[in-house]
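Colleague: Let me begin by handing over the structure; questions about it come next.
The values are calculated or read from the model by the stated rules, or taken from the named source; none is laboratory data. Fair warning: this is a prediction, and the values are worked out from it, not measured in the lab. All Cβ positions, even for glycine, are placed from backbone atoms using ideal geometry, and neighbour counts span all protein chains on display. Keep in mind that these areas ignore ligands, DNA and RNA; they rest on the heavy atoms of the full protein, side chains included. Shrake-Rupley method; radii C 1.70, N 1.55, O 1.52, S 1.80 Å.
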Amino acid sequence: MHVMATAGHVDHGKSTLIRALTGMEPDRWAEEKRRGLTIDLGFAWTQLPSGREVAFVDVPGHERFLGNMLAGLGPAPAVCFVVAVDEGWQAQSGDHRDAIAALGIRHGIIVLTKADRAPDRVDAVLAQTRAELAGTGLSEAPAVVVSAREGTGLDALRRQLDETLRAVPEPPATGRIRFWIDRSFTVKGAGTVATGTLTAGTLTADDRLELLGQNTRQTVTVRALHSRNEPQQSTGPTQRVAVNLRGVSADDVHRGEVLVTPDAWPLTDVVDVRRSTGTELSEAPSSLLVHVGTATVGVRVRPFDGGHARLTLERRLPLIPGDRLVLRDPGSRTVFGGVHVLDVDPPPLTRRGDGTRHAAYLNTVPDGGDARLEVVRRGAVREKFLRTLGLVGAEADSGAAADEGSGPATDRVPEGVRSLAGWWVHEPVLAAWCERLRAAARGLSERDPLAAGLTRGAAADVLAAQDLDSAQVDSAQLEKGLLETGLLDVVVAEAGLRQEGGYLSWPGADAGLGPAERAIATLEARLAENPFAAPEGDDLTELNLGPRELAAAERTGRLIRLDGAVVLLPTAPALAMRSLARLEQPFTASQARQALGTTRRVMIPLLEHLDARGWTRRVDGSRREVVR
């Protein structure tokens, strides 16, 4: 199945042409049939001579219904551009051309209709049409002359449709869904149905999707699928699809809303864009309408220069770099121009000159975005986020229009970037992080030799607070990511720091204990003479050794601390084992105490320590033995 939209001035025979090609009535409303005027989108389909199937989205041509026209044209990969021979190029022909140019549509056919009314004008009208389409994707489009009333040229048109649609790139059938809704209704016994054009990915019954509404966001389930009035268990692109939804009322589903794969798309209401067609953005009014997919949303415009601007949308939409937007002036009912989305998560611009500097940066960004530039700008970014942007991996294929690509997407890590714990980090930023951590750890050791080291939270603060001129980092998100994803551990290892007990320390720091050094040395000398004569509390107080000093000595391997405030040399357990091994096995705590010449206060915590290390084990309630 292929999908093709019509385009062209009002009353140039678009709907009549679709009736003649398909035998179906595209006009759905009684008023449309009564007035002979297409007001809203119409739908029909047929099979071409090759067996290829094509569905048509018939759009209104009147200027009053330009918004409806854009909703039909937006998701379509190809267009049938209709010009009546008897009238030639008209005002809305130009509007529709501008919309096609803004959307970047490059596949289509020029159809000159009503040839029976002015056969002598065919050559002139075709020449005029080609001149008007110059510079658009349809500049070299094939042309067919028809008379739907007399039936002439229809076979040639069918053959040309086959040829044109054969050249349309096949969209990816895998990946995430972004299904723009163009109408919704209720079917008795089935419930809510939403229709649209599936341009990428595959829909399957029982799929769980997110409905992104104008004011809501909710999970829905695909109850059933239909395409061309036939039930489908699963359907891929490009198709006109009716999706029967469970979990939502038809009153809560509207044109311009979108069904998406959950958690697969960035949602944004602020985007930076580049002009692709139309008036320079520096001339834009402060408010415009933006059209994307089937959605129409009001925007505020902040121009940076003639080619770049920031758009603030009235509601969040699932957009990625490379998406094309149509800007429309609601006052004049004309297409203002087209833009490429460059950034869906742009930095705030709060300082004088930020706009000028940011415009210079945007000038370096390709139309579809660039993973390396994104990493360089941010310093560090989650790989998952790059995938949702379509800049890394297969997700790029199901984002912006597949036949024009969505930027230089790749799974290969760019030069100058490191992939660490699910993050892509710019190498200069990683180097700066390592130096900052080392400096913070060294500084703490010099200021306070007894300190255990930097806490993980303090280390994350050091990194998240980095302010390299080349990086625009969300500090809160970075700090959270450092602690939750393992990135901090990788950076600590890169920095060469020691990590123990939740503290980070500089291994090259002076091993001394500052003011406590002399007291610890004195205690070491006493214990060397009598290894199991652990000091009493009064002894430690006399030496000015409190919990902080003892903890520091333990971290540096000078002492060990057992339960009950027992302090010994690190060699004490091994010395104890020599004596215990000479005892008759099993032995009691009292026998062990006598063998070591110590007190019960020391012996019980020491035996428990040996048990924990697996050097001794309990035989019963009062006896132990050495593990051999």
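Colleague: Please list the three semi-axes, largest first and in whole Å, of the ellipsoid equivalent to the range 571-610, using sqrt of 5 times the eigenvalues of its alpha carbon gyration tensor.
Modeller: Calculated on Cα positions only, the semi-axes equal 13, 12, 9 Å.
Colleague: If you project the alpha carbons of the range 289-358 onto their three principal axes, what span does each projection cover, largest first, in Å?
Modeller: If we take the Cα atoms of the range 289-358, the spans are 35, 26, 20 Å.
Colleague: Right, something else. Label-point separation (nm) for Gln499 and Thr485, each offset 7 Å from Cα along Cα-to-Cβ?
Modeller: Result for the modelled spin labels: 1.5 nm.
Colleague: Along its three principal axes, how long is the range 65-203 when you only count alpha carbons? Whole Å, largest extent first please.
Modeller: 54, 34, 29
Colleague: On to the next question. Could you work out how much longer the chain between Arg526 and Asp305 gets when fully extended? Use 0.36 nm per residue separation minus the Cα distance between them, nm to one decimal.
Modeller: Gain on stretching Arg526 to Asp305: 71.7 nm.
Colleague: While we're looking at this one, here's another question. Please express the Cα-Cα pair-distance distribution P(r) of the range 539-628 as a list of whole percents, one per 5 Å bin, running from 0 to the bin with the greatest distance.
Modeller: P(r) for the range 539-628, in whole percents per bin: 3, 13, 24, 23, 16, 10, 7, 3, 0.
Colleague: Taking Rg and Dmax of the Cα atoms in Å as the quantity of interest, determine which of (1) 22.6, 76; (2) 36.7, 124; (3) 25.0, 81 was computed from the displayed structure.
Modeller: (2)
Colleague: Within the accessible area of the chain, what % is carbon and sulfur when the probe is 1.4 Å and the other protein chains stay in place?
Modeller: 46
Colleague: What FRET efficiency would be calculated for the residue pair Thr186, Asp123, taking the C-beta separation as r and a Förster radius of 41 Å, to the nearest 0.05?
Modeller: FRET efficiency, Thr186 to Asp123: 0.20.
Colleague: Given a 1.4 angstrom probe, what's the average accessible area per residue across the range 259-313, in square angstrom?
Modeller: I get 35 Å² per residue for the range 259-313.
Colleague: Just the Kirkwood number for the range 152-298, please: inverse of mean 1/r across all distinct Cα pairs, in Å, one decimal.
Modeller: The answer is 17.3 Å.
Colleague: Of all the Cα-Cα pairs you can form in the range 187-229, what percent are over 18 Å apart?
Modeller: In whole percent, the share of Cα-Cα pairs in the range 187-229 beyond 18 Å is 32.
Colleague: Further question: When N is the residue count of the range 110-156, what does its C-alpha Rg come to as a fraction of 2.2 N^0.38 Å?
Modeller: Cα Rg divided by the expected 2.2 N^0.38 Å: 1.18.
Colleague: A follow-up question, please. Can you give me the C-alpha center-to-center distance between the range 410-433 and the range 295-364, rounded to a whole angstrom?
Modeller: 28
Colleague: Helix check for the chain. Which DSSP H runs span at least 15 Å along their own axis by Cα, with a mean Kyte-Doolittle hydropathy no less than 1.6?
Modeller: none
Colleague: Heavy-atom accessible area per residue, the range 86-153, 1.4 Å probe: how many Å²?
Modeller: Heavy-atom SASA per residue in the range 86-153 reads 42 Å².
Colleague: Another question, then. Taking the Cα-to-Cβ direction at Val627 and at Glu280 and moving 7 Å from each Cα, how far apart do the two end points lie in nm?
Modeller: 8.1
Colleague: Next question. Could you give the length gained by full extension between Arg582 and Arg442, i.e. 0.36 nm per residue of separation minus their alpha carbon distance, to one decimal place?
Modeller: Fully extending the segment from Arg582 to Arg442 adds 45.7 nm.
Colleague: Using alpha carbons only, what's the Rg to Rh ratio of the range 337-391 with Rh from Kirkwood?
Modeller: Taking Rh as the inverse mean 1/r over Cα pairs, Rg/Rh reads 0.97.
Colleague: Now a separate question. Counting only helical runs of four or more DSSP H residues, what would the 222 nm mean residue ellipticity of the chain come to if each run contributes -39,500 (n - 2.57) and the total is spread over all its residues?
Modeller: Counting only the DSSP helices, I get -9000 deg cm²/dmol.
Colleague: Through the Karplus equation 6.51 cos²θ - 1.76 cosθ + 1.60, θ set to phi - 60°, convert the phi angles of the range 618-628 into ³J(HN,Hα) values in whole Hz; use x for Gly and Pro.
Modeller: These are the phi-based 3J(HN,Hα) values: 6, 9, 8, x, 10, 10, 10, 9, 6, 7, 9 Hz.
Colleague: Please compute, for the alpha-carbon atoms of the range 1-125, the extent along each of the three principal axes and give them in descending order in Å.
Modeller: Here the Cα extents, ordered largest to smallest, are 36, 34, 34 Å.
Colleague: Thinking of the range 141-189 as a set of Cα atoms, what percent of all their pairs are more than 12 Å apart?
Modeller: 77
Colleague: Right, next: By how many nm would the segment from Arg159 to Ile39 grow when fully extended, if each residue of separation counts as 0.36 nm and the alpha-carbon distance is taken off?
Modeller: Result for the pair: 40.3 nm of gain on full extension.
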